[in-house]
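Below: one structure, written as structure tokens.
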Amino acid sequence: MDSIDSVTLEVADTTAAARFYTTAFGLVPPQVRLRASEAPTTGFRGFTLSLVVSQPGNVDALVGAALDAGATALKPTSKSLWGYGGVVQSPDGTIWKIATSARKDTSPVTRDFDELVLLLGVEDVKASKQYYIEQGLTVGKSFGGKYVEFATGPGPVKLALYKRRALAKDAGVPADGTGSHRFVLSSDADPFSDPDGFRWETTTPPTATA
């Protein structure tokens with residue numbers, strides 16, 4: 001396994017979720033797929049998805065579109081030491097961070113994004129890092145036991161690991177949560193679950209979303 005082929009979000013209403021993601025972010029398979037699920041889940045689900053963009057105006061445009069489409073603001077857009085960004089929660093409960101390292105706009109504002117990044121909140125970053133290395137991933141960046149980013153090849157989704165409590169704090173929510181993560185990752189590897197219960201399945205051809 002050297003890349004993530006897609007992320008499948010498990011939602012109660014696939015039609016409503018498809019409408020939101022198309023309207024707010026312009027996301028379509030294989031970047032994000034949707035699957036109907038009523039699996040019990042409460043609180044923080046242990047992951048966030050990030051849209052990395054080129055400039056602050058694009059952050060504002062995407063956050064504004066998400067709020068107009070029904071998202072909830074968890075962290076209003078603001079400047080920070082690393083750049084500019086904000087956090088929203090989609091109607092299906094998925095947490096999204098939209099961010100840029102740029103300080104000012106240098107081109108016309110759009111809702112384009114450069115990267116889709118999945119951050120998994122894990123209990124032991126070093127142990128999870130080693131686990132994924134054994135699955136075939138290559139480390140791109142690593143900051144001790146705090147953060148790891150994998151070089152996930154040509155796939156549409158980048159993967160990173162973060163301490164669960166730190167990730168929840170970054171998202172603006174309490175770290176507690178129970179039940180299903182409500183998402184599944186896909187790759188060319190055999191199905192498996194990692195040490196924190198995140199599920200991977202073998203990639204299948206995309207099907208039309210209801």
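Numbers for the structure displayed
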{"read-out": "Residue match in the stretch 114-122 (condition: over 18 Å from the mean Cα position of the chain (by Cα) and not aliphatic (A, V, I, L, M))", "value": "no"}
{"read-out": "Filtered residues of the stretch 140-149 (kept if hydrophobic (A, V, I, L, M, F, W, C) and at pLDDT below 95)", "value": "F143"}
{"read-out": "Meets criteria (in contact (Cβ under 8 Å) with a residue 12 or more places away in the chain, under 25 Å from R199 (Cα atoms), over 15 Å from the mean Cα position of the chain (by Cα) and surrounded by 15 or more Cβ atoms within 10 Å (Cβ to Cβ)) for S37", "value": "yes"}
{"read-out": "Residue match in the stretch 179-193 (condition: at negative phi, modelled with pLDDT of 90 or more, part of a loop (DSSP other than H, G, I, E, B) and of a type in the set (D, E))", "value": "no"}
{"read-out": "Members of the stretch 120-151 found to be assigned to a strand (DSSP E or B) and over 12 Å from D196 (Cβ atoms), listed by number", "value": "V139, G140, K141, S142, F143, Y147, V148, E149, F150"}
{"read-out": "Options S54, S80: the member that is surrounded by fewer than 22 Cβ atoms within 10 Å (Cβ to Cβ), within 24 Å of E149 (Cβ to Cβ) and without any contact (Cβ under 8 Å) to a residue 12 or more places away in the chain", "value": "S80"}
{"read-out": "Filter result (surrounded by fewer than 18 Cβ atoms within 10 Å (Cβ to Cβ), touching a Ser or Thr at 6+ places or on another chain (Cβ under 9 Å) and within 22 Å of A99 (Cβ to Cβ)) within the stretch 1-30", "value": "V28"}
{"read-out": "Residue that is farthest from L34 (Cα to Cα), among those in the stretch 97-136 that are touching a Phe, Trp or Tyr at 6+ places or on another chain (Cβ under 8 Å) and not aliphatic (A, V, I, L, M)", "value": "R103"}
{"read-out": "Leading residue by the ranking (surrounded by the most Cβ atoms within 10 Å (Cβ to Cβ)) among those in the stretch 152-169 that are modelled with pLDDT of 95 or more and not in a strand (DSSP E or B)", "value": "L167"}
{"read-out": "Positions within the stretch 194-208 being in contact with a strand residue (DSSP E or B) (Cβ under 9 Å, 6 or more places away or on another chain) and either over 23 Å from T138 (Cα atoms) or not in a strand (DSSP E or B) (or both), in sequence order", "value": "D194, P195, D196, F198, T203, T204, P206, T207"}
{"read-out": "Unmet criterion (only one of (1) among the acidic types (D, E); (2) touching a helix residue (DSSP H, G or I) at 6+ places or on another chain (Cβ under 8 Å); (3) under 28 Å from P29 (Cβ atoms)) for D114", "value": "(2)"}
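A quick yes/no check of all residues on (1) surrounded by fewer than 20 Cβ atoms within 10 Å (Cβ to Cβ); (2) within 19 Å of G172 (Cα to Cα); (3) basic (K, R):
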{"site": "K104", "(1), (2), (3)": "yes, no, yes"}
{"site": "T110", "(1), (2), (3)": "yes, no, no"}
{"site": "V122", "(1), (2), (3)": "no, yes, no"}
{"site": "A127", "(1), (2), (3)": "yes, no, no"}
{"site": "Y131", "(1), (2), (3)": "yes, no, no"}
{"site": "T138", "(1), (2), (3)": "yes, no, no"}
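The values are calculated or read from the model by the stated rules, or taken from the named source; none is laboratory data. Predicted model only: the values in this text are computed from it and were never measured. For neighbour counting, all protein chains shown are included, and Cβ atoms are generated from backbone atoms with ideal geometry for every residue, glycine included.
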